[in-house]
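Here's the structure, in structure tokens; my notes come after.
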Amino acid sequence: MIVNGDLTASATGGPITLNSFSNQVTGSVALLTLGSSHNIAWKQDGPLVVAGAGIRSSGTLSVQVTSGSISQVGAIESFGAASFSANTGSITLTNTSNSFGGALNLTASSGSASITTASALQIGAFDIANNLTVTAGGAITQTGPILVGTGTTSLSGGTMTLTNASNNFGTSLTLAGTGGTLGGTVNSLVGAA
């Protein structure tokens, strides 16, 4: 599918499954599922900009781009687990109304990632080549490791429970929280959870 402009896709009784890397959208993308537990799976060749109308998944959410970055204007709301993957670019999802009901997974194979959420954040697995910045409106927990390559990590939120032994926060870790526990490799620590 090739769209020269913006794309809006909505489904009221089922999932949105557009998971071919042949998809190309030159403008912004808005995706919406209504009802109970309807998933969204989106793949795209080229950068992805989330439109002002945002993305809302009543189930899980999977977004992958083969080249370029993932960024947003409108908010992203996922009731289930969510994953974002950018092979050659960065992931910048800093709308303050973002909400992830399940674990959030991020892969930026050669870029950085910046995430903002309105409430608590559960990290599934983060694999970030360069810098990682997380700003959460509540506690930050994890079910999988945080792996940061040559860059730095900055975490801001409520209580942080990040005890995975495989964590590697890169060259330095900056914390701004209300307490918590850390595990893994911390090369340089600034602030305190």
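The values are calculated or read from the model by the stated rules, or taken from the named source; none is laboratory data. None of the values given here were measured: they were computed from a predicted structure. Don't worry about glycine lacking a Cβ; one is built from the backbone with ideal geometry, like all the others, and counts go over all protein chains shown. What goes into the accessible areas is simple: the full protein's heavy atoms, side chains included, and nothing from ligands, DNA or RNA. Shrake-Rupley method; radii C 1.70, N 1.55, O 1.52, S 1.80 Å.
Within the range 92-112, the set of residues being under 11 Å from residue 130 (Cα atoms) and surrounded by 20 or more Cβ atoms within 10 Å (Cβ to Cβ) comprises 108, 111, 112.
Condition first: farther than 19 Å from residue 99 by Cα and open to solvent by less than 10 Å² (accessible area, probe 1.4 Å). Now tell me which residues in the range 26-45 satisfy that. Write out each step before concluding.
First, pick out the residues of the range 26-45 that are farther than 19 Å from residue 99 by Cα: 26-28, 43-45.
Hit for the range 26-45 is 44, nothing else.
The residues listed here are 165, 129, 176; of these, the one that is within 24 Å of residue 81 (Cβ to Cβ) and over 15 Å from the mean Cα position of the chain (by Cα) is 165. Would you check which residues across the range 135-162 are more than 14 Å from the chain's Cα centre (by Cα) and hydroxyl-bearing (Ser, Thr, Tyr) and list them? 141, 143, 150, 152, 153, 154, 156, 159, 161, listed by residue number. Looking across 144, 137, one residue alone is open to solvent by 40 Å² or more (accessible area, probe 1.4 Å), within 24 Å of residue 99 (Cα to Cα) and not in a strand (DSSP E or B). It is 137. Only one entry of 175, 132 meets the criterion of being modelled with pLDDT of 95 or more and either acidic (Asp, Glu) or more than 19 Å from residue 102 (Cβ to Cβ) (or both), and that entry is 132. The condition (being surrounded by fewer than 17 Cβ atoms within 10 Å (Cβ to Cβ) and closer than 28 Å to residue 140 by Cβ) is satisfied by just one residue among 60, 88: 88. Screening residue 4 on (1) open to solvent by 40 Å² or more (accessible area, probe 1.4 Å); (2) closer than 20 Å to residue 132 by Cα shows it passes everything except condition (2). If you scan the range 7-25, which residues turn out to be outside any strand (DSSP E or B) and open to solvent by less than 20 Å² (accessible area, probe 1.4 Å)? The answer is 14, 23.
Within the range 152-193, if we keep just the residues that are of a type in the set (Val, Ile, Thr) and assigned to a loop (DSSP other than H, G, I, E, B), the residue that is nearest to residue 119 (Cα to Cα) turns out to be 159. How many of the residues making up the range 63-85 are of a type in the set (A, V, I, L, M), over 22 Å from residue 5 (Cα atoms) and open to solvent by less than 40 Å² (accessible area, probe 1.4 Å)? Qualifying residue count for the region: 1. Screening the range 43-131 for strands (runs of 3 or more DSSP E) wholly inside it with 1 or more residues that are on the phi > 0 side of the Ramachandran plot returns the ranges 48-57. Against the list (1) open to solvent by 20 Å² or more (accessible area, probe 1.4 Å); (2) closer than 26 Å to residue 76 by Cα, the condition residue 126 fails is (1).
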